[in-house]
1. Which one of these is more than 14 Å from Ile219 (Cβ to Cβ), modelled with pLDDT of 85 or more and in the same structural domain as Asp173 (by TED's automatic domain parsing): Leu86, Leu54, Leu94?
2. Can you tell me which residues in region 6-48 are without any contact (Cβ under 8 Å) to a residue 60 or more places away in the chain, of a type in the set (A, V, I, L, M) and farther than 27 Å from Ser87 by Cβ?
3. Here is a list: Ala294, Ala266, Ala300. Which entry is under 29 Å from Val122 (Cα atoms), among the small types (Gly, Ala, Ser) and modelled with pLDDT of 95 or more?
4. Pick from His151, His174: which is more than 22 Å from Ser85 (Cα to Cα), at pLDDT 90 or above and not in a helix (DSSP H, G or I)?
5. Going by the conditions given, is Val226 surrounded by 24 or more Cβ atoms within 10 Å (Cβ to Cβ), modelled with pLDDT of 95 or more, touching a Ser or Thr at 6+ places or on another chain (Cβ under 6 Å) and part of a helix (DSSP H, G or I)?
6. I'm checking my understanding of the structure. Among residues of region 22-80 that are in a loop (DSSP other than H, G, I, E, B) and of a type in the set (D, E, K, R), which one is nearest to the chain's Cα centre (by Cα)?
7. Does region 129-146 hold any residues that are exposed (fewer than 12 other Cβ atoms within 10 Å of the Cβ) and either in a helix (DSSP H, G or I) or in contact with a Ser or Thr (Cβ under 8 Å, 6 or more places away or on another chain) (or both), and which are they?
8. Looking at region 282-321, which of the residues that are part of a helix (DSSP H, G or I) and among the aromatic types (Phe, Trp, Tyr) is nearest to Ile219 (Cα to Cα)?
Amino acid sequence: MNEVIQHQCTVCNQLLDAPKRFGGREYCDTHVHQFYQEPPHFWRTSVMGLGALLLTVAGLLIADLIFGARLNADMRILAGMAFVSLSPLVWITLYYRSSRRNRAGASPWPPLLFALGSLVAVAVTHPIFSSIIELELWLSRTNATNRFLAHILLNGFFHMFVLYALVRYLSWDHPSFDHRVHGLVLTLSACLGYATALNFFFIIDHEGLTILYGGLRLISQLCAFVAPALILGYFLGINRFEDMPFYYLSAGLLLSAVANGLLLYAGSELNYVGLSLTQTGFSPWPGFVASVLALVATGATIYGLLRRQNALARARLNPDL
């Protein structure tokens with residue numbers, strides 16, 4: 001007796017009699033011509049989020065000139081939390097509102113992953129790193145080589161695996177994940193909630209930071225998470241819609257983890273500037289500039305790669321156009 005093979009759409013799981021195929025996956029007539037489309041509101045929202053980040057820097061400069069060191073510890077904590085949450089909240093709010101205007105129904109996953117990323121940072125990451133292994137204390141007492149390795153092997157791999165797990169095991173099979181660019185959207189949503197919560201703890205653990213120097217350090221750390229999240233999201237978005245080699249997602253996780261560790265390391269180590277042969281001083285600007293440039297370069301690269309992959313898919317599925 002011949003076994004009946006059921007065909008399902010990769011996106012909506014609809015049973016199909018005559019499926020369309022691409023990259024080893026099967027699709028319905030709608031989704032085979034949808035996954036490679038490029039919703040423009042994601043990129044517009046991301047540019048606005050970057051603009052909010054630059055406005056935050058301007059706000060830090062102005063606040064430092066007005067208040068300087070006159071704020072007490074509680075006020076510095078509140079100010080730091082307000083500054084560091086501005087750009088993530090602007091991005092998630094604008095993206096969700098743009099999605100509702102541009103689609104029949106906005107996916108629930110971006111705000112949900114933002115919240116879940118925050119909860120994981122609160123319930124898992126901070127207790128492990130702060131109370132169990134006391135990573136920051138150990139880093140302050142070891143040499144530069146050990147700090148470099150620890151940032152990659154501990155920070156980078158742990159943080160990026162958390163983001164990978166949130167997207168891969170929660171939202172991967174949801175029908176709203178119907179465009180390649182949603183790999184970036186979902187990973188970035190989880191990342192912003194996760195990184196913002198960790199920055200809150202950084203502020204609290206240090207009992208309030210100075211407005212300018214502390215604020216720039218926090219923005220550097222945020223960029224150190226966002227740039228690798230874009231890399232990871234790109235790999236997730238590609239693999240969602242076609243069969244890739246078994247090592248593909250592992251390679252994306254590895255690359256994003258190394259990038260996260262390198263940026264966290266550079267954002268800290270570059271801030272110690274030599275004043276003389278025997279003296280060093282602290283300036284947040286080198287680490288901040290390096291982190292922002294890395295974010296812009298990564299975003300531009302991912303944008304170009306994704307457009308190229310989408311153009312290739314469009315050409316394969318529509319050879320007559």
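The values are calculated or read from the model by the stated rules, or taken from the named source; none is laboratory data. Quick caveat, the model's predicted, so the values are computed rather than measured. Heads up, the Cβs are rebuilt from the backbone with ideal geometry, glycines too, and the neighbour counts pull from every protein chain shown.
1. Details: Leu86 fails: more than 14 Å from Ile219 (Cβ to Cβ); Leu54 fails: more than 14 Å from Ile219 (Cβ to Cβ).
Answer to the check: Leu94.
2. Passing the criteria: Leu15, Leu16, Ala18.
3. Numbers: Ala266 fails: modelled with pLDDT of 95 or more; Ala300 fails: under 29 Å from Val122 (Cα atoms).
None of the other options fit; the residue is Ala294.
4. Details: His151 fails: not in a helix (DSSP H, G or I).
So the residue among His151, His174 that is more than 22 Å from Ser85 (Cα to Cα), at pLDDT 90 or above and not in a helix (DSSP H, G or I) is His174.
5. Values: surrounded by 24 or more Cβ atoms within 10 Å (Cβ to Cβ): yes; modelled with pLDDT of 95 or more: yes; touching a Ser or Thr at 6+ places or on another chain (Cβ under 6 Å): no; part of a helix (DSSP H, G or I): yes.
Spelling it out, it is not the case that Val226 is surrounded by 24 or more Cβ atoms within 10 Å (Cβ to Cβ), modelled with pLDDT of 95 or more, touching a Ser or Thr at 6+ places or on another chain (Cβ under 6 Å) and part of a helix (DSSP H, G or I).
6. Going through region 22-80, the residues in a loop (DSSP other than H, G, I, E, B) turn out to be 23-24, 28-30, 34-39, 68-72.
Applying the additional criterion that residues be of a type in the set (D, E, K, R) yields 29, 38, 70.
Values: Asp29: 32, Glu38: 19, Arg70: 34 Å.
This residue is Glu38.
7. Ser131, Ile132, Leu137, Ser140, Arg141, Ala144, Thr145
8. Initially, region 282-321 is screened for residues part of a helix (DSSP H, G or I), giving 285-317.
Checking which are among the aromatic types (Phe, Trp, Tyr) leaves us with 285, 288, 303.
Numbers: Trp285: 11, Phe288: 7, Tyr303: 22 Å.
Checking each candidate, the answer is Phe288.
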